[in-house]
Amino acid sequence: MLIGIVGKPNVGKSTFFKAATLAEVGIAPVPFTTIKPNEGVGYVRVQCPEIDFKTKCNPRQGFCIDGQRFVPVKLIDVAGLVPGAHTGKGLGNQFLSDLVQADLLIHIVDASGSTNEEGKMIQPGTYDPVKDVKFVEDELDKWFAGMLKENWVKFVRQSLQKDADKALAAQFYGFKITLDQIKSALKNTKLEGKKLPEWTNEDIQNFATMVRQMSKPVIIIANKIDISTAKENIERLKKEFPNYLVIPCSAESELALREAAKKDLIKYIPGDDKFEILKKESLDENQRKALDFIQNKILKVWGSTGVQNCLNQAVFNFLKYMVIFPGGVHKLGDSQGRILPDAFLLPPGSTALDFAAKIHTDFAKYFIAAINVKTKQKIGRDTKLKDCDVIELIAGK
Ligand SMILES: Nc1nc2c(ncn2[C@@H]2O[C@H](COP(=O)(O)OP(=O)(O)OP(=O)(O)O)[C@@H](O)[C@H]2O)c(=O)[nH]1
Ligand SMILES: [Mg+2]
């Protein structure tokens, strides 16, 4: 699972990335602070089965606080896109190739309207973030079309003997695009019967847009809700884009909370609507004011800072993935005594056999049965798993 973070310069992509990963990355109020991509690990939050089993887990990766388990997902933060990036404006769009493996894109917009088209700081409320949703997607679609247009004549010549769908799938090799998606895209754009040499520029663009939408769906993060002009813009974003998930967010507030929690100044479980001050005497006046602001103006008003909500919504509600824990009916620990040490993210529809294959090819090869550890019921290879299942695998040999 890889989630890409895209958007115009200076909207808070790296701040969001840093808040989610606590990696040391550059953040500054000037466009193009990020040039090379930042890769790191963020987390999705689920209720840990340690609660069902009245035990305490020891995650090998990620962490668990008060029964809330944080399961790793990879994130990548790239440079900012500007209108005309496909013609080389700004840093161009070549760097988008770092996103080919992404399952989903988080598009961060500055909902407060305080960054202009090129990402320069301006008076809050004077730029319309609705425009950003349109141009960024347009640039993404042009990037996909570019993959086809670059060598179109040669590609068509070499593809004459092949099936069009297979040739097109090969052209997007490495983009995490399936042949089924290519077939659906051809159908949806009514190009399935049209021979490749007859495709117009418009056909290529329509097809590329469809493939992009299928393979790199976008959710919108309306960042900078700590600035008062954001509220009205968020209403408009939701109205303009009723089919999109629009998530209000203050990446800066989440970063402040996570950094304070790391220093043990506060207790904060990412995604919560509250935190607890642990060392009041260690906080200076500014820190106290900032925490007060976050509690009253962000958490109380919006329910959370939005960062954790975004990752959870992306992985569970949008991509419909599930977390599966390996375990045993008689033993929840591994050979080193770590309880529920692992958690795996699996795509929707995954079966007991898919889970076995994810753990080890031998488990899938010699699969005999599986047991749902919570219910202690035996399940077959084709049984579909559910989010937060704990599964014991029984394999032969
Ligand atoms: N008020 C407010 N400012 C924020 C928030 N998130 C980020 N910022 C500020 O916005 C500016 C840009 O943040 P970055 O994270 O560097 O933005 P970016 O999108 O990565 O920018 P580029 O790398 O230049 O494309 C910095 O001054 C941040 O402190 C937020 O939630 N609220
Ligand atoms: Mg950046």
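At a glance:
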| quantity | calculated |
| --- | --- |
| Cβ-Cβ under 8 Å pairs, at least 6 apart or on other chains, the stretch 213-231 side farther than 19 Å from ALA314 by Cα, far side within 16 Å of ligand 2 (Cβ to nearest atom) and open to solvent by 10 Å² or more (accessible area, probe 1.4 Å) | LYS224/GLY12; LYS224/GLU252; ASP226/GLU252; ALA230/LYS224 |
| Members of the stretch 214-269 that are at positive phi and not acidic (Asp, Glu) | LYS224 |
| Index of the failed condition, ILE227 passing every other in (1) within 16 Å of ligand 1 (Cβ to nearest atom); (2) under 27 Å from PHE70 (Cα atoms) | (2) |
| Any hit, the stretch 217-237, residues being under 30 Å from PHE144 (Cβ atoms), within 16 Å of ligand 2 (Cβ to nearest atom) and of a type in the set (Val, Ile, Thr) | yes |
| Any chance ILE106 is buried (at least 18 other Cβ atoms within 10 Å of the Cβ), within 13 Å of ligand 1 (Cβ to nearest atom), farther than 22 Å from PHE241 by Cα and modelled with pLDDT of 95 or more | no |
| Selection status of VAL44, open to solvent by less than 20 Å² (accessible area, probe 1.4 Å) and within 16 Å of ligand 2 (Cβ to nearest atom) | no |
| Top-ranked residue in the stretch 242-254 [being touching a residue at least 60 places away in the same chain (Cβ under 8 Å) and open to solvent by 20 Å² or more (accessible area, probe 1.4 Å); ranked as farthest from PHE17 (Cα to Cα)] | TYR244 |
| Residue ID - nearest to the chain's Cα centre (by Cα), chosen from residues in the stretch 354-365 that are open to solvent by 40 Å² or more (accessible area, probe 1.4 Å) and more than 25 Å from THR55 (Cα to Cα) | LYS358 |
| Flag if ALA261 is of a type in the set (A, V, I, L, M) and buried (at least 20 other Cβ atoms within 10 Å of the Cβ) | no |
| Residue in the stretch 366-397 that is least open to solvent (accessible area, probe 1.4 Å), counting only those that are among the basic types (Lys, Arg) and in contact (Cβ under 8 Å) with a residue 24 or more places away in the chain | LYS374 |
| Subset of the stretch 81-96 [in contact with a helix residue (DSSP H, G or I) (Cβ under 7 Å, 6 or more places away or on another chain) and of a type outside the set (A, V, I, L, M)] | PRO83, HIS86, GLY92, ASN93 |
| Of all residues making up the stretch 1-41, the number that are open to solvent by less than 50 Å² (accessible area, probe 1.4 Å), within 18 Å of LEU255 (Cα to Cα) and within 10 Å of ligand 2 (Cβ to nearest atom) | 15 |
| Checking ASN58 against (1) farther than 22 Å from ILE221 by Cα; (2) without any contact (Cβ under 8 Å) to a residue 60 or more places away in the chain, the condition it does not meet | (2) |
| Total residues in the stretch 65-103, condition open to solvent by less than 10 Å² (accessible area, probe 1.4 Å) and of a type in the set (Phe, Trp, Tyr) | 1 |
| Where a residue in the stretch 62-85 is without any contact (Cβ under 8 Å) to a residue 24 or more places away in the chain and at positive phi and its partner, wherever it lies, is polar (S, T, N, Q) and open to solvent by 30 Å² or more (accessible area, probe 1.4 Å), with Cβ under 7 Å and at least six apart | GLY67/GLN47 |
| Residue check, SER335 free of Cβ contacts under 8 Å to residues at least 12 places away in the same chain, open to solvent by 10 Å² or more (accessible area, probe 1.4 Å) and small (Gly, Ala, Ser) | yes |
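The values are calculated or read from the model by the stated rules, or taken from the named source; none is laboratory data. This structure is a prediction, so every number in the text was calculated from the model and none was measured. Glycine gets a Cβ as well: all are built from the backbone with ideal geometry, and neighbour counts include every protein chain shown. Ligands, DNA and RNA are excluded from the accessible area calculation, which covers all protein heavy atoms including side chains. Shrake-Rupley method; radii C 1.70, N 1.55, O 1.52, S 1.80 Å.
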